[in-house]
Each structure stands twice: as structure tokens, then as C-alpha cells.
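Asker: Next up is a structure, given as C-alpha cells.
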Amino acid sequence: MVTIYDVAKEAGCSPATVSKAFNNYKSVSEKTYKKIMEVADRLGYTPNNSARALATKKTWLIGVVLSQELHAGITHPHFSEILQSFNLRVSEYGYDIVFISKRFGDKASSYLEHCLYRGVDGVLLAVGAKFREEIQCLLDSDLKCVSVEGLYPNVYTVISDNRMGSLQALEYLYFLGHRKIGHIACPLDSVAGRERFEAYKEFLEMKGLEYNSKYVVEAQDYTHEAGKVAALEFLQKTIDDLPTAVFVAYDDIAYVTMTTFQEKGVRIPEDISIIGFDNIKLSSFMTPPLTTIEQNRMLIGQKAADVLVSLIEDKPIDESYEIRIPTRLIMRNSCMRISD
């Protein structure tokens, strides 16, 4: 393995001078700098990121900002699959990722300060609406940003087609004969929550079905605790007039809804059909297995990587700022046909 000492010996200078050249010290003359870089290239020496950045004017690092405030960060299967796909794709282009927090070492910092300290070439935003104020500094900066969660003016976003997926779910319930359909929404200040709820209302209007406010409950966040509260509220509001089906806008909350209903003696799908949205791995192991809408998280991650790298490298992008990824219906056993 070629070391900095091999480069120094071949270039006829000290290891300290080689280190200074790689770190762009002004005390190193242009002639010496060029010689060191030529020797390093000829010997196949791979310098650290700092040196690499000097040669390419890039750090080859991409920052990732996650949405921890919604309890939906890297541990959640939705984001973990997107990030895995994103990481694999950017690595094909030669980039590494680094997670950006509001702390650096033992000191508090803004997201922008952390990004500038790391010298990242671009940023992937996987943050919800509650983070808007905190990431505004990134949006206002010259850093290249792509989002896979929130929508921001003049920022590329790669996201599932929430309207399409919601209509797929609701059309399936309608096909099975359901006309009294409830909705348990994920937080309505999120893009997914808002768009899926709007699609629910649009569907009812298209089919000439009455919108009944007691059939709609919002989970306040993405935790199981919030899901249970929403499920209990839904049952309390509809105990005397239970709908025949519920469209739950998030699979984790669909899971809690199912178990909560079952604890209260409500059978699924005999008493009520339930359909979710996400198709996380847990969905197929629920009792009964959950009918749901699949998001193509692999494609979301890949597309986000392609767009961000194109931005970083000043390549043309033949896409609109909102890049919608198609969804598909996954039929399992949590829904059943009912008679007219």
C-alpha cells in the first residue's frame, strides 16, 4: 500500500510538505504542489478526503438530514430502505454520505454550519414540515438539496404519488362494495398525511359519497402510542355507526388500529375491512395480513441520488421539481367483499 512517505521520497520532499500540499497550505509553491500530485497519481496513492477535495474541488461527501422529530428516522423501514438505496446509488458515483445533526462534537450548531464544516457537496433532506424553520438556512444557501419528504419551492423532491396510491386503495374498497369508508390519517402537517386525506375527500366526492367528520381521525405523530389513541378515538366516535372499511394512511398505524379494534371485539375483516399505505415488511405478518399500498422506496432512493448528483455536477435534469413515483396495490386478507 502506497503511503505518504512513499510520495515524499519519490517527490524529493518531506512528508510534512506532502501533507501540507494535500491540505492546500499556501506555503507550498505551485511547482511543488503539482509535482506532489503527479507523483501521488503515478504511484496510485489515495489521499484522504481533504486531499481529494483539493484535486477535484469537491469533498465527495453528501449530507443526510433526517426527520427525528416525527419518530420516523433511520430506524423506520420507510426511511431506512430509501437511505439504503440512496447510499448504494451515490456510491456508484463515488460519493459517501454523512449524517448531519444540530450538534458537532460537543457543541450545538445549525444544519448549515455542520454541512459547511463537513464541506458536503450536497444534501438529502428527509425531514417533515416541523423542521421547515430549522432547515431554512440550508434551503437559502448555495448547497444543492434534494428532498424525499417535504415539498419546498425550487427544490427537487422525489416522493411517492400519494394521490394515486390513495385512490388505488379507495377504488379497491369501492370495488368490494364498501360505501361507508372511514379514514385514519397520519399527521396532516406532513405531505403524506395532507395529500392522502385530500385524496380521500376527492374520492368521496367523485363517487357521490357523503363526507362524515366522525369517520375521520388524525394520528398526532407516527408512534404506536399516537396510533392507539387515534384508533380508540375512531371507535368512540363511530361505536353506533361503524363504517364497513377504514383507509389508514400509514402501515404502522394500521397495525395498531387492527390490534386495538381486535382487543375491543371488532373482527377484521368480518366487521370492518382495513387497508393501509406503505407496504412495510411488517404488513405481511399482521393478523390478518394487511392489504396496503406499496411505495417503491428503492426507486425513490435511486432517483433522489441521480438528481442530487446531477445538481452537484451541473448536469441537465429533465424533470419537474416534484418527481412522483408510482405506487401499487398489494392485496392480502384484511379486506373483504360485502353485499350491496
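The values are calculated or read from the model by the stated rules, or taken from the named source; none is laboratory data. Note that this is a predicted model, so its numbers are computed, not measured. Ideal geometry is used to build each Cβ from the backbone, glycine not excepted, and the neighbour counts take in all protein chains shown. SASA here: full protein model, heavy atoms, side chains in, ligands and nucleic acids out. Shrake-Rupley method; radii C 1.70, N 1.55, O 1.52, S 1.80 Å.
Asker: What's the whole-number percent of alpha carbon pairs in the range 230-340 lying beyond 17 angstrom?
Answerer: Counting pairs separated by more than 17 Å, the tail of P(r) holds 60 percent.
Asker: Output wanted: per-residue J couplings in Hz (rounded whole) for the range 86-93, from phi through Karplus 6.51 cos²θ - 1.76 cosθ + 1.60, θ = phi - 60°, x for Gly and Pro.
Answerer: Working through the residues one at a time gives 4, 5, 4, 5, 5, 5, 5, 8 Hz.
Asker: Separate question: Compute log10 of I(q)/I(0) for the range 180-277 with the Debye formula, placing one identical point scatterer on every Cα and leaving out solvent, at q = 0.25 Å⁻¹, to two decimals.
Answerer: Listed by q, the Debye log ratios stand at -1.44.
Asker: Right, here's the next one. Dipole of the chain, Cα-centred, from +1 at each Lys and Arg C-beta and -1 at each Asp and Glu C-beta, to the nearest 20 debye? Before the final figure, lay out the partial values.
Answerer: Details: 38 positive and 45 negative charges, 199 e Å.
Charge dipole of the chain: 960 debye, to the nearest 20.
Asker: Please list the radius of gyration and Dmax for the range 141-197, considering alpha-carbon atoms only, with Å as the unit.
Answerer: 15.2, 53
Asker: Compute the relative contact order of the range 271-331 as a whole-number percentage, counting only Cα pairs closer than 8 Å that sit 6 or more residues apart in sequence.
Answerer: Computed over the range 271-331, the figure is 37 percent.
Asker: Would you mind putting 295-301, 245-251 in packing order, based on average other-beta-carbon counts within 10 Å, highest first?
Answerer: By packing density, highest mean first, the sequence is 245-251, 295-301.
Asker: Could you tell me what percent of the accessible area of the chain is made up of carbon and sulfur, with a 1.4 Å probe and every protein chain present?
Answerer: Answer for the chain is 51 percent, counting heavy atoms of protein chains only.
Asker: What are the lysines whose alpha-carbon lies under 22 Å from the alpha-carbon of K264, with same-chain residues fewer than 8 places away excluded?
Answerer: In chain and number order, the partners are K180, K214, K228, K237.
Asker: Oh, and also: Between their Cα atoms, which of K9/K35; K102/K315; K9/K34 are more than 21 Å away from each other?
Answerer: From the list (K9/K35; K102/K315; K9/K34), the Cα-Cα distance tops 21 Å for K102/K315.
Asker: Let me ask something additional. Under 5 Å between amide H atoms, partner at least 5 residues away or on a different chain: which partners does C145 have, H built in plane at 1.01 Å?
Answerer: HN-HN under 5 Å from C145: V123.
Asker: Rounded to two decimals, what is Rg over Rh for the range 107-231 when you use alpha-carbon atoms and the Kirkwood radius?
Answerer: Reported Rg/Rh (Cα atoms, Kirkwood Rh): 1.10.
Asker: Near K20, which aspartates and glutamates are there with a Cα under 13 Å away, not counting those fewer than 8 places off in the same chain?
Answerer: E30
Asker: Could you give me the ³J(HN,Hα) list for the range 223-231, computed from phi with Karplus coefficients 6.51, -1.76, 1.60 and θ = phi - 60°, whole Hz, x at Gly and Pro?
Answerer: Karplus-based 3J(HN,Hα) across the range 223-231 equals 7, 5, 4, 5, x, 5, 4, 5, 5 Hz.
Asker: With a point put 7 Å past each Cα toward its Cβ, work out how far I338 is from L116 in nm, to one decimal.
Answerer: So the label points at I338 and L116 sit 5.9 nm apart.
Asker: Report the equivalent ellipsoid semi-axes for the range 281-329 in whole Å, largest first, defined as the square roots of five times the eigenvalues of the gyration tensor built from alpha carbon atoms. Let's see the in-between values first.
Answerer: Working: eigenvalues 216, 24, 5 Å².
Semi-axes from the Cα gyration tensor: 33, 11, 5 Å.
Asker: Got the relative contact order for the chain handy, in percent, Cα pairs under 8 Å and 6 or more residues apart?
Answerer: For the chain, the relative contact order is 18 percent.
Asker: With 20 Å bins from zero, work out the P(r) of the chain over every alpha carbon pair and list the percent per bin.
Answerer: Per 20 Å bin, starting at zero, the Cα-Cα P(r) for the chain comes out as 28, 43, 20, 8, 0 percent.
Asker: Something else now. Using a cut-off of 12 Å between beta-carbons, work out the net charge of the residues near Y93 (Lys and Arg +1, Asp and Glu -1, Y93 not included).
Answerer: Around Y93, the surrounding residues sum to -2.
Asker: Projecting each Cα onto the charge dipole of the chain (Lys/Arg +1, Asp/Glu -1 at the beta carbon, about the Cα centre), which of L170, V18, G119 comes out farthest on the positive side?
Answerer: V18
Asker: Quick one: 3J(HN,Hα) in Hz for the range 130-136, Karplus 6.51/-1.76/1.60 with θ = phi - 60°, rounded, Gly and Pro as x.
Answerer: 5, 8, 3, 5, 6, 9, 4
Asker: Going by amide H atoms built from the backbone, whose H comes under 5 Å of the H on V98, apart from near neighbours?
Answerer: Amide H neighbours of V98: I62, G63, V64.
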